[in-house]
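*Asks:* Below is the structure I would like to discuss, written out as structure tokens.
The values are calculated or read from the model by the stated rules, or taken from the named source; none is laboratory data. Remember, predicted model here, so these are calculated numbers, not experimental data. Each accessible area value is taken on the protein alone, full model and side chains, heavy atoms only, with ligands, DNA and RNA left out. Shrake-Rupley method; radii C 1.70, N 1.55, O 1.52, S 1.80 Å.
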Amino acid sequence: MSFIPSCKEVSELLSQAQERPLTFPEKFALHVHLPLCKGCRNFREQLGFIRAAVRRYIDQDDTPR
Amino acid sequence: MTANKTTNRSAEAPDQAALEQFRGYLLRYALLQLRDQGAAEDVVQETLLAAIEGGGRFSGKSSVKTWLTGILKHKIIDHVRRQSREQPLMAESDDPERSETEAVDALFAADGHWRNFPANWGDPDRSFENKKFWEVFEMCAKLMPAKTARVFTMREVLELSTEEICKELGITATNCWVMLHRARLSLRECLELKWFGQS
Ligand SMILES: [Zn+2]
């Protein structure tokens, strides 16, 4: 990773954060990039939404709980 | 569970009619993973049969739904195992990691910026109540290439870990991450284009 992480690199890290704990330098890269980039902040929100949406999709309410 | 299951079923063991109520849910679950109506119906049928035969094994500790989902997961994993033996993700002729990487690259400019900057989706959870949203969601999920979708749903539907997915499919963790990332990017792009960008 270069000194200033790009949106592409940051998006990969945000996605991988759903799979494994990020290392300290990786967290630092997010810390540097995210406050400056609305696109990546939106992407982070969207990742959480997508994960929740898959659960909700299979769990639609035509079944007893 | 102490006694013989045919003579001493626990009182709460659900009967066939009670189990049938879950068919729609089980089918959606299986279909999202398998993307094949026939195969999905088969695993759901096997699941309901196993549940009817094994009703005595229902402990009542979890809900009927959780119990059925557990059985279905095993049936689906068996199916995916057979499928990946018959159509391996790693065909000799293509390099999935490379083609996945290229698909991700296409969404970014040469300097690493987003080609389409992700927009603010506002309060997206409100869409959960909208039937039309789920039609779009279903359509977008189907747009994913089959292999990408297989990995994505193993992670998000079956809730397997990356390690388990790698083991089942014989791919590396890096490859798995790239495929998951691609799946999420493609779903994101499609939802923004077809739903969140529209309102
Ligand atoms: Zn960015």
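*Asks:* Could you work out the helix-only [θ] at 222 nm for the protein assembly as shown, with each DSSP H run of four or more residues adding -39,500 (n - 2.57) and the total divided by the number of residues, to the nearest 500 deg cm²/dmol?
*Replies:* -19000 deg cm²/dmol
*Asks:* Additional query: Total Lys pairs in segment B:72-193 closer than 26 Å by alpha-carbon, pairs eight or more apart in sequence or interchain only?
*Replies:* 10
*Asks:* Per the Kirkwood formula on distinct C-alpha pairs, the Rh of segment B:2-86 is how many angstrom?
*Replies:* 13.4
*Asks:* Per 5 Å bin, what is the whole-percent P(r) computed from every C-alpha pair distance within chain B?
*Replies:* 1, 7, 13, 15, 15, 15, 12, 10, 6, 4, 2, 1, 0, 0
*Asks:* Okay, moving on. Once amide H atoms are built 1.01 Å from N in the peptide plane, which residues 5 or more positions from residue B:108, or in another chain, come under 5 Å H to H?
*Replies:* B:115
*Asks:* Report, please, the projected area of the protein assembly as shown averaged over directions, based on the convex hull of its C-alpha atoms, in nm².
*Replies:* Reported value for the Cα convex hull: 16.6 nm².
*Asks:* Also, quick follow-up: Calculate, for chain B, the solvent-accessible area per residue in square angstrom, rolling a 1.4 angstrom probe over the heavy atoms of the protein chains.
*Replies:* With all protein chains present, chain B gives 53 Å² per residue.
*Asks:* Work out how far the C-alpha atoms of segment B:94-196 reach from end to end along every principal axis, then list the three figures in whole Å, largest first.
*Replies:* So the extents along the principal axes, rounded to whole Å, are 39, 36, 20.
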